[in-house]
Amino acid sequence: MALLNSFEALRHDKRGAIAATVMLGILLAIFPFVISSTFSNSWLRIADFAMLYIMLALGLNIVVGFAGLLDMGYIAFYAVGAYLYALLSSTHFGLHFPIWVIIPAGAALAGLFGALLGAPTLRLRGDYLAIVTLGFGEIVRIFMNNLNAPINITNGPQGITGIDPIHFGNLSLAKPLTFLGFTIPSLHAYYYLFLALALFIIFVTIRLENSRIGRAWVAIREDEIAAKSCGINTRNVKLLAFTMGASFGGVAGVLFAGFQGFVSPESFNLMESVMVLCMVVLGGMGNIPGVILGGILLTLLPELFRHGAGPVQTAIFGKILLDPEALRMLLFGLALVLVMLYRPEGIWPSTTRRREFKGESTDVLKEGE
Amino acid sequence: MSARSSTSATRATLLDARGVAKHFGGVKALANVSLTIKQGEIYGLIGPNGAGKTTFFNVLTGLYHPDGGAIYFAGEKLEASTPHKVAQRGIARTFQNIRLFGNMSAMENVMVGRHARTHAGVLGAVLSDSRTRNEEAAIRRRAEELLHYVNIADRADDLARNLSYGDQRRLEIARALASDPKLLALDEPAAGMNGTETESLRQLIEGIRNDGTTVLLIEHDVKLVMGLCDRVAVLDYGEKICEDIPSIVQKDPKVIEAYLGGSLA
């Protein structure tokens, strides 16, 4: 809590904020070297994934957190981005487009899918919207699973292998890069690329939040009829939320395919959508730092349980009683329940949302509805 | 009173509702309602509960699609079922059961109200070019002015849901005024207010009119309507039974019957 308060204080202290930003920049820059030398490369891999999940969570936060539209099929947009990369830059079709072409294309295509999902669901809210979006997510996954006949497009459940590593012209991130006599290993290079894009998405989200469009999104979440009467074209503004949110997911998907080198429909199941939604809700819906924190924590926690459950059991009982792999999700579930019990507003909620949950309400708004 | 009505007779027509009808299943909420509101007047719409006042409001502001008739505003026909376009044309409204954006601050509520008069899109927001920044600063300035205007500037940073009932009513008016409306439509603004609150509301509405905005007022408080409005229309069972200056409306036998449920004679 003290940590969070000091972050809040920084918002009002300009010089402190600059110093903090510089410090954070240095930390983020040396982070991969610290991790890979003190722990192992597998933890750096997890950090790379955390970046992807931050992008996903921020994208979903626009739809769920800002506009208040419960989307349970968000991972479909991640799938669209990932498959786009897999098709355009692999041995599957023999196409090898560079990343700077595919990232915008992935954002655009996922955005289009977002609008496709948004258009027929404009009148739906809450549970009803959740069911339709859940169906949409499954439809996309099932399409990927079955588009191997009559023409083999997605290679069905086997997935697409032989995906090119992310490359800019001759520069491939799969090999260590030598830069001014300084060698950057592959995992580190991916880290920097993901970090750059995650920062870009954070920047865009912050700018949107404090804008006319961001206010319109929140207004729709709060009261759609009043929003309409204020001159907000709710149809367009909602479609815009779906499109923007989806395009972030598309970018993350493109990066995922290039990083993993393999995509299959299995990676985009309902559980993944739920996971991203948990990041948004647990972190603090609608609050950008909270959502980022949620993305990091929920990527990290299952891995910590996976790595920690074995050694801890040996230390206490002298032998492993429960399989760490099985215990991992159990502990993870417990952690989710505890957070929701003790911090229902999220770990790091926005100041207004915190007040909302503290029950300062006079409840005048609820009467006479 | 008579001097006021004689000036309003020469004024231009702002709103012209012609034969508006609306039914829900078999229930006729509005039957052939025609009325005209002139520029710069305060026009009252009264009637017993269920007379169709709010239905008329909802048709006017595009929330309901009328089953018959049309509404002309400033000489042009209002497109039905498009509340956001109605707002852009210059009709702003408040709601009978206050509909604020509860978890936004009072300031933000008014800033949202400015939506219809501003243009920044996604690209502008992301690039934050000078035009967008200026627009944003102008929105904020106007919102501050309006909070001062309705006298709740000290609550600017409070969540709308935490304001007192009277202040919420004021905030809703400020949000409506933010769209620079030609016509401000107030749906029972004095409902649930005590005498002092009603009096200061009366002054506020009068001030709004004097600053050039035409006001359409639905109200149950007959005293408020009679003291404030230049002309009054009375609805009963979805039909307009009377339209005139308050002193005449008050004496109309049909109006008395509608309110008291029977002939007094």
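Mean Kyte-Doolittle hydropathy of 0.5 or higher plus an axial Cα length of 24 Å or more: which whole DSSP H helices in chain A meet both? List each step's numbers first, then the result.
Details: long enough: A:14-38 (34 Å, 1.55); A:41-60 (29 Å, 1.26); A:99-118 (27 Å, 2.03); A:126-146 (30 Å, 0.81); A:186-209 (34 Å, 1.57); A:234-260 (38 Å, 0.91); A:288-317 (42 Å, 1.18); A:324-342 (26 Å, 1.78).
The qualifying helices are A:14-38, A:41-60, A:99-118, A:126-146, A:186-209, A:234-260, A:288-317, A:324-342.
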(request) Please report A:M329, B:M107, A:M51, B:M226 as a ranked list, fewest other C-beta atoms within 10 angstrom at the top and most at the bottom. (result) A:M329, B:M226, B:M107, A:M51
(request) Please give the FRET efficiency for A:F31 paired with B:Y165, using the beta carbon to beta carbon distance and R0 = 56 Å, rounded to the nearest 0.05. (result) 0.60
(request) Note down the nm distance, to one decimal, between modelled labels 7 Å out along Cα→Cβ at A:N41 and at A:L341. (result) 4.2 nm
(message) Modelling each spin label as a point 7 Å along the Cα-to-Cβ direction, I'd like the B:R18/A:D323 distance in nm, to one decimal.
(response) 7.8 nm
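Could you line up B:D236, B:D187 from fewest to most neighbouring Cβ atoms inside 10 Å?
B:D236, B:D187
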(message) So if I take the centroid of the Cα atoms in segment B:58-90 and the same for segment A:269-327, what is the distance between those two points in Å?
(response) 53 Å
(message) Let me understand the protein assembly as shown better: what is its radius of gyration from the alpha carbons, and its Dmax, in angstrom?
(response) 29.7, 106
(request) Would you calculate the separation in nanometres between label points at B:S128 and B:D211, each defined as 7 Å from the Cα along the Cα-to-beta-carbon direction? (result) 3.1 nm
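Determine by what factor the alpha-carbon radius of gyration of segment A:39-272 differs from 2.2 N^0.38 Å, reporting the quotient.
On the way: Rg = 18.5 Å, N = 234, 2.2 N^0.38 = 17.5 Å.
Against the empirical 2.2 N^0.38 Å value, I get 1.06 for segment A:39-272.
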(message) Using alpha carbons only, how many angstrom separate the centre of segment A:173-218 from the centre of segment B:155-171?
(response) 40 Å
(request) Determine, from the Cβ-Cβ distance of A:H96 and B:K77 and an R0 of 45 Å, the FRET efficiency 1/(1 + (r/R0)^6), rounded to the nearest 0.05. (result) 0.20
(request) Note down the magnitude of the dipole of segment B:102-179 about its Cα centre, charges +1 on Lys and Arg C-beta and -1 on Asp and Glu C-beta and zero elsewhere, to the nearest 20 debye. (result) 220 debye
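Using the number of other C-beta atoms within 10 angstrom as an exposure proxy, rank A:H307, B:H65 with the fewest first. Before the final figure, lay out the partial values.
Details: A:H307 17, B:H65 11.
Fewest-to-most ranking of A:H307, B:H65: B:H65, A:H307.
Dipole size in debye (nearest 20) for the protein assembly as shown around its Cα centre, Lys and Arg Cβ +1, Asp and Glu Cβ -1? Spell out each step's value before the answer.
On the way: 56 positive and 54 negative charges, 162 e Å.
Dipole of the protein assembly as shown, to the nearest 20 debye: 780 debye.
Nearest 20 debye, what's the magnitude of the dipole of segment B:47-163 about its Cα centre given +1 on Lys and Arg Cβ and -1 on Asp and Glu Cβ? Before the final figure, lay out each step's value.
On the way: 15 positive and 12 negative charges, 37 e Å.
Here segment B:47-163 has a charge dipole of around 180 debye.
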(message) Net charge around B:Q88, counting only other residues with Cβ within less than 14 Å of its Cβ (Lys, Arg = +1; Asp, Glu = -1)?
(response) +4
(request) Using DSSP, restrict attention to beta bridges with both residues in the protein assembly as shown and report what percent are antiparallel, rounded to the nearest 5. (result) 65 percent
(request) Using only the alpha-carbon atoms of chain B, report the extent along each of the three principal axes, biggest first, to the nearest angstrom. (result) 70, 40, 39
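No value in this document is a laboratory result; all are computed from the given coordinates. Please read all numbers here as calculations on a predicted model, not as lab measurements. We place every Cβ from the backbone using ideal geometry, glycine too, and count neighbours over all the protein chains shown.
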